[in-house]
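Inspection log for the structure reproduced underneath, given as structure tokens.
The values are calculated or read from the model by the stated rules, or taken from the named source; none is laboratory data. Please read these numbers as outputs of a predicted model, since none were measured by experiment. Because the Cβ atoms are built from the backbone with ideal geometry, glycine has one as well, and the counts that use them run over all protein chains shown. Surface accessibility is based on the protein's heavy atoms, side chains included, excluding ligands, DNA and RNA. Shrake-Rupley method; radii C 1.70, N 1.55, O 1.52, S 1.80 Å.
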Amino acid sequence: MHVMIFGCGYSGTAIAKAFGESGVRASGTTRSPEKAEELRKAGIEAFLFDGETLSAEMQAAMADVTHLVQSIAPRDTDPLLALLGQDGAARLPDLQWIGYLSTVGVYGDHKGGWVTEETVCVPISGRSKERLEAEEAWLALGRARGVPAAILRLSGIYGPGRNAFVNLDRGTARRIIKKEQVFNRIRVEDIGASTRFLSEHALGGIYNVTDDQPGPPQDVIVEAARLMGVEPPPEQAFETAEMTAMARSFYGENKRVSNAKLKAAGFRFAFPNYPMSLAQLWQNGYWRG
């Protein structure tokens, strides 16, 4: 068994580690030699990949890949699908399972209502529309190859080294208040574990990979500050707060994302809500990464 993660960044590394814990060969791609060295130090076989060309070394490694995870964001189209083209079967002759990391952003705005995998997607941003198109293309590839293709729709990712504690420590945490705004989150280790779970059970289709507790973003900052024993930053009204266009766009989508399908399949989250997850990060000192 050989899992290859295309775009082995924060989530991809967690996925590689989850597979590696069971002795599975895990490899990943990155754009920079420095990141490749970091991956190797973490026990992950690393390949340089610019998203445009497949090196001879990569093509040789792909010959025995059984499980493919695509984490690279689309740029107009999915870069890996474009490269595989008509040669996908030849390049990946042993393929048994596909995982595609997407985003709950594909659902668009649902005025704070609950969404499931059956909810009609009305993506707002161009990046979410591209994600939805890539999802459909990977599902189609799975059907064409006769292998399960799982779409993992991820909510806001956090974990060691990337969390409210880090932001408070750096002085960059902000308590933006927008009436009735909620977000879901997902701990990065649960991304790794759920990807491994879906692959081990040969499950395909769409799955929301998200926690049990959607809530206002400012509440997370307040809870982290309480655990740290520091004062939270002052409240700022969303309407007048200085924000990047990207950050502001996230507040244009308000929904509560259900993870019932993934749990019904048998998966159990290690970090089902942010209060217990933050407490674990703080108590163990993992928050620094």
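Looking only at the range 66-102, which residues are open to solvent by 40 Å² or more (accessible area, probe 1.4 Å) and either in a strand (DSSP E or B) or charged (D, E, K, R) (or both)?
Within the range 66-102, ARG75, ASP76, THR77, ASP87, ARG91, ASP94 qualify.
Would you check if PHE250 is open to solvent by 30 Å² or more (accessible area, probe 1.4 Å) and either within 24 Å of THR13 (Cβ to Cβ) or touching a Phe, Trp or Tyr at 6+ places or on another chain (Cβ under 8 Å) (or both)?
Taking the combined requirement at face value, the residue satisfies it.
Hey, any hits in the range 202-218 for a residue that's under 19 Å from the mean Cα position of the chain (by Cα) and acidic (Asp, Glu)?
Looking through the range 202-218, at least one residue is under 19 Å from the mean Cα position of the chain (by Cα) and acidic (Asp, Glu).
Regarding the range 165-172, can at least one residue be identified that is in a loop (DSSP other than H, G, I, E, B), at negative phi and not basic (Lys, Arg)?
yes
Counting only residues that are of a type in the set (A, V, I, L, M) and either within 9 Å of ARG187 (Cα to Cα) or open to solvent by 40 Å² or more (accessible area, probe 1.4 Å) (or both), how many does the range 266-289 have?
2
For the range 203-222, check the following and say yes or no: at least one residue is in contact (Cβ under 8 Å) with a residue 40 or more places away in the chain, open to solvent by 40 Å² or more (accessible area, probe 1.4 Å), under 30 Å from THR66 (Cα atoms) and touching a strand residue (DSSP E or B) at 6+ places or on another chain (Cβ under 9 Å).
Yes, the conditions are met somewhere in the range 203-222.
Could you list all residues from the range 264-281 that are among the polar types (S, T, N, Q) and assigned to a helix (DSSP H, G or I)?
Once the filter is applied, which keeps residues that are among the polar types (S, T, N, Q) and assigned to a helix (DSSP H, G or I), the range 264-281 yields SER277, GLN280.
Return the residue satisfying two criteria in turn: it lies in the range 48-65 and is more than 17 Å from LEU95 (Cβ to Cβ) and among the small types (Gly, Ala, Ser), and of such residues it is least open to solvent (accessible area, probe 1.4 Å).
Taking the candidates together, the pick is GLY51.
Restricting attention to the range 144-172, which residues are aliphatic (A, V, I, L, M), surrounded by fewer than 20 Cβ atoms within 10 Å (Cβ to Cβ) and farther than 20 Å from TYR10 by Cα?
The answer is ALA144, VAL147.
Which pairs turn up if I take residues in the range 234-263 that are assigned to a loop (DSSP other than H, G, I, E, B) and look for partners that are aromatic (Phe, Trp, Tyr) and open to solvent by 80 Å² or more (accessible area, probe 1.4 Å) with beta carbon separation below 8 Å, at least 6 apart in sequence or on another chain?
Close Cβ pairs satisfying both conditions: LYS255/TRP114; SER258/TRP114.
Among ILE151, ILE157, which is the only one that is of a type in the set (Val, Ile, Thr) and in contact with a Leu (Cβ under 8 Å, 6 or more places away or on another chain)?
When all the criteria are applied, what remains is ILE151.
Look at ARG226 and say whether it is farther than 21 Å from GLU118 by Cβ, open to solvent by 60 Å² or more (accessible area, probe 1.4 Å) and part of a loop (DSSP other than H, G, I, E, B).
Answer is no for this residue.
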